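Asks: One structure is given below, represented as C-alpha cells, and several questions about it will come after.
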Amino acid sequence: MPELPEVETVRSGLEPLLSGRQIRSVICHRSSLRYPLPDLSLLTDLTVKGVRRRSKYLLFDFDGFNSLLAQTLVWHLGMTGQFHVLPQQAKIGAHEHVCFNLNDGQSLRYRDARRFGYAGLSQTEELEEHAWFTVLGPEPLTDDFNLAHLAEACAGRKAPIKNVIMDASIVVGVGNIYASESLFRAGIHPTRAAGKISARRLALLVNVIRQVLSEAIAAGGSTISDFVHADGKPGYFAHSFQVYGRQGEGCLHCSKAIKRIIQAGRSSFYCSGCQH
DNA sequence: CTGAAGACCTGCCTGC
DNA sequence: TGCAGGCAGGTCTTCA
C-alpha cells in the first residue's frame, strides 16, 4: 500500500487520535511479522506524545515512565499494513495482528495480510543510530535532496535511473508508482543509465519528484477520515496516474500507447514518445 | 564493488 | 464454478 505520501497520510490521520492517549494494554495475536515483534507490553501505561514519519516508517513517540526513558515505536507498513482506530469492543478482523487498547475506550489495530510489515522499539534519543535509519538518504521534500546530491549518486552508475531513485540510501520515499510517474513528468526513460543523464535533466527530475509527492500528499490528506473509519476502505488510491497501470492506453500528451516493462522485478510504465 | 534475481506472504483478478 | 497463473504500493539476502 504505502509509499511516502500514503505513510504521511496515515501519520497525519493517526496523530490527533493518539496524541495524549495512554496505552492501557497491548494484545499481540502473532509474535512475528516480517521480523519478530519487540516486547510491546513495555508500552503499557505510557502516553503517546506524537506521531512522526521518517522515510516510510511511522514513529510513535512515548513519554518515559518511572525509570524508563522516552521510547519510540518504529513501524513499517510493508506492502499491506494498515492502522485503524476502532472501539475496543469491535471484533478482531482478519489479519489483525496487534491491538493497542487506549485509555479513551478506543483501540489502535494493526492489520497486515501479507505480513511484510515490521516494528521495533528504541529509546527516542538513540533513534538516529538505529540500523534502519543510518542507511537512509535524505527526505525528498527537504533541501538535502537537491541536484548536487542526486548528481553525485548517479555519477558513473550504469544502473537504470528508476532503480536509482527507488534506492532509499539515495533518496527515501520514492516507491514503484511515484518512480514511474516522476520519470514520465521529467521525460526520462526508466531504463536510461543513471550516469548518462545531463545535470539539466537531473535537476528537472529532482523538481518533479518533489512535485509528484507533494501533490499525492495533498490528495491523500483529503481522505484521512476514510482511513480511520471502521471499514478501513482507503480513499487515497484515487490519484489520477498518468502512466502507472495504464499500459496499452494512450499517453495523455502524445497519444502513443503506454508501455509496461519489468525492471528489478517491478513493473515500470512509460511513454516511448515522451520519455528518452 | 555493482546490479539482477529471489525471497518473504496472502489476496484478488483474469482467463481457460 | 473451479482452478492455475500472474500480479500487487517494500526491502532484505543471495548470487553472478
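Asks: Of all the Cα-Cα pairs you can form in region A:62-157, what percent are over 16 Å apart?
Replies: 71 percent
Asks: If one takes the longest principal axis of the Cα atoms in chain A, at what angle in degrees, from 0 to 90 and to the nearest 10, does the Cα axis of helix A:4-18 lie?
Replies: 20 degrees
Asks: If you don't mind, another one. How much of the pair distance distribution for chain A lies past 36 Å, counting alpha-carbon pairs only, in percent?
Replies: Numbers: 7933 of 37950 pairs.
Everything past 36 Å amounts to 21 percent.
Asks: Can I ask one more? Is region A:80-125 best put as rounded, prolate or oblate by its Cα gyration tensor, with a ≥ b ≥ c the root eigenvalues, rounded for a/c under 1.5, and otherwise prolate when a/b is larger than b/c, oblate when not?
Replies: In terms of gyration-tensor shape, oblate.
Asks: Taking DSSP loops as anything outside H, G, I, E and B, show the longest stretch in chain A free of trypsin sites (Lys or Arg not before Pro) there with at most 10 other beta carbons within 10 Å. List each step's numbers first, then the result.
Replies: Working: sites that count: A:91, A:158.
The longest uninterrupted stretch comes out as A:159-276.
Asks: So how tilted is helix A:199-221 from the main axis of chain A? Cα-based, degrees 0 to 90, rounded to 10.
Replies: 40 degrees
Asks: Tabulate in residue order the Karplus-calculated ³J(HN,Hα) for region A:262-268, using 6.51 cos²θ - 1.76 cosθ + 1.60 with θ = phi - 60°, rounded to whole Hz; enter x for Gly and Pro.
Replies: Residue by residue, region A:262-268 yields 9, 10, 6, x, 10, 5, 10 Hz.
Asks: Based solely on C-alpha atoms, express the radius of gyration and the Dmax of region A:103-218 in angstrom.
Replies: 17.1, 57
Asks: Calculate one ³J(HN,Hα) per residue across region A:23-31 by plugging θ = phi - 60° into the Karplus curve 6.51 cos²θ - 1.76 cosθ + 1.60, and present them in order as whole Hz with x for glycine and proline.
Replies: Those phi angles translate into 7, 8, 6, 10, 10, 9, 8, 7, 8 Hz.
Asks: Label region A:4-134 by shape, choosing from rounded, prolate and oblate, from the square roots a ≥ b ≥ c of the eigenvalues of the Cα gyration tensor; if a/c is under 1.5 it is rounded, and otherwise prolate applies when a/b is larger than b/c, oblate when it is not. Display every interim value, and only then the final one.
Replies: Working: a/c = 1.35, a/b = 1.06, b/c = 1.27.
Cα axes put region A:4-134 in the rounded bin.
Asks: Treating cross-link reach as a plain straight distance, find the lysines whose alpha-carbon is under 27 Å from the alpha-carbon of residue A:162, omitting any fewer than eight places away in the same chain.
Replies: Straight-distance partners of residue A:162: A:56, A:196, A:256, A:259.
Asks: Hey, another quick one. Checking the a/c ratio against 1.5 first, then a/b against b/c, what shape does the Cα gyration tensor give for region A:54-116? Write down the numbers at each step before the final one.
Replies: Values: a/c = 2.69, a/b = 1.21, b/c = 2.23.
Oblate.
FYI, it's all coordinate maths here, none of it is from the lab. Keep in mind it's a predicted model, so treat the numbers as computed, not measured. Neighbour counts run over all protein chains shown; Cβ positions are idealised from the backbone, glycine included.
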